[in-house]
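Data first, discussion second: the structure below is written as structure tokens.
The values are calculated or read from the model by the stated rules, or taken from the named source; none is laboratory data. Since the model is a prediction, treat every value here as computed from it, not as a measurement. All Cβ positions, glycine included, derive from the backbone under ideal geometry; neighbour counts span all protein chains shown.
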Amino acid sequence: MTEDKTRLIFVNTIKRIAEHPEIGQDRKAEILDQLKADMIQKCKDDIDIKIKRLIEIPDFIVLADQFHEQLSECLETYQDGSFRSTIALSGMIAEIITSGLIQEANIYVNGRLLSPDQKKILLDLSQYKKIEVLKAFKIITPEAVENLDKIRRLRNKYVHSSDSLNPERDAREIMGLLVNILKRLYNLGVKLVEKDGQKIQIQYLKREKVD
């Protein structure tokens with residue numbers, strides 16, 4: 001005797017429809033046109049909540065050379081309500097930031113400056129241990145360290161936990177933590193400098209100082 005269970009099945013047949021030899025071109029066009037219409041309608045139905053989600057994210061202007069694509073995609077996933085993707089991408093960006101900070105920093109061990117090759121050992125560590133490196137060598141402030149670790153723990157919860165989760169709440173929290181980190185470490189500063197007798201604006205990295 002087998003137990004009767006309701007199973008959730010995911011079906012994607014768009015490719016089969018588009019390429020099926022027994023479906024005429026006119027019928028294929030009708031099906032794809034209807035798919036487009038449904039997608040457009042869904043975008044219209046969701047537009048207010050998408051704007052609301054964007055408004056929830058604090059303003060920031062940062063230098064994002066190392067993670068521009070990932071950050072752009074992260075914001076899009078949050079806007080679209082793909083909260084698990086937001087959490088995963090935020091964790092990825094945090095790891096890029098952590099590795100970048102170690103690469104940039106002057107790290108001395110027993111009075112000797114580590115070379116880029118020697119730092120590769122540190123870059124191969126887990127995210128937890130890399131954050132501990134930032135903390136031990138006071139590369140960033142304790143507050144920034146704490147935020148990076150919170151991002152790490154939130155991301156890990158979705159990779160390793162099977163407990164009941166709240167993706168929307170956690171995505172909102174992790175976005176707030178990420179923006180806080182970006183503003184502390186990659187804030188865009190602008191200052192006037194004199195060049196050839198004229199004052200011009202230049203952009204620079206305005207990073208939170210470590211006491």
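Only residues that are more than 14 Å from Ala94 (Cα to Cα) and in contact (Cβ under 8 Å) with a residue 12 or more places away in the chain were counted in the range 140-158, giving 4.
Can you spot a residue in the range 36-49 that is touching a Leu at 6+ places or on another chain (Cβ under 9 Å) and surrounded by fewer than 15 Cβ atoms within 10 Å (Cβ to Cβ)? Taking every residue of the range 36-49 in turn, none turns out to be touching a Leu at 6+ places or on another chain (Cβ under 9 Å) and surrounded by fewer than 15 Cβ atoms within 10 Å (Cβ to Cβ).
Kindly indicate whether any position in the range 57-66 is assigned to a helix (DSSP H, G or I), more than 16 Å from Ile174 (Cα to Cα) and of a type outside the set (D, E, K, R). Scanning the range 57-66, I find no residue that is assigned to a helix (DSSP H, G or I), more than 16 Å from Ile174 (Cα to Cα) and of a type outside the set (D, E, K, R), so the answer is no. One residue is enough: does the range 84-99 have a residue meeting the conditions touching a residue at least 12 places away in the same chain (Cβ under 8 Å), more than 19 Å from Asn147 (Cβ to Cβ), surrounded by fewer than 17 Cβ atoms within 10 Å (Cβ to Cβ) and in contact with a helix residue (DSSP H, G or I) (Cβ under 6 Å, 6 or more places away or on another chain)? Scanning the range 84-99, I find at least one residue that is touching a residue at least 12 places away in the same chain (Cβ under 8 Å), more than 19 Å from Asn147 (Cβ to Cβ), surrounded by fewer than 17 Cβ atoms within 10 Å (Cβ to Cβ) and in contact with a helix residue (DSSP H, G or I) (Cβ under 6 Å, 6 or more places away or on another chain), so the answer is yes. Inspection of the range 183-192 identifies no residue that is without any contact (Cβ under 8 Å) to a residue 40 or more places away in the chain, assigned to a loop (DSSP other than H, G, I, E, B) and either of a type outside the set (A, V, I, L, M, F, W, C) or touching a strand residue (DSSP E or B) at 6+ places or on another chain (Cβ under 6 Å) (or both). Report yes if Arg172 is surrounded by 14 or more Cβ atoms within 10 Å (Cβ to Cβ) and either more than 13 Å from Thr98 (Cβ to Cβ) or assigned by TED's automatic domain parsing to the domain that holds Ser90 (or both), otherwise no. Yes.
Looking only at the range 193-208, filter to residues that are within 19 Å of Ala64 (Cα to Cα) and either in contact (Cβ under 8 Å) with a residue 40 or more places away in the chain or hydrophobic (A, V, I, L, M, F, W, C) (or both); which one of those is surrounded by the most Cβ atoms within 10 Å (Cβ to Cβ)? Here the residue is Glu208. Taking every residue in the range 58-72 that is free of Cβ contacts under 8 Å to residues at least 12 places away in the same chain and within 13 Å of Leu178 (Cα to Cα) and pairing it with any residue that is among the aromatic types (Phe, Trp, Tyr) and part of a helix (DSSP H, G or I), at least 6 positions away or on another chain, yields no pair with a Cβ-Cβ distance below 9 Å. Checked against the criterion of being over 12 Å from the mean Cα position of the chain (by Cα) and under 15 Å from Gly176 (Cβ atoms), the range 120-133 contains not a single residue that satisfies it.
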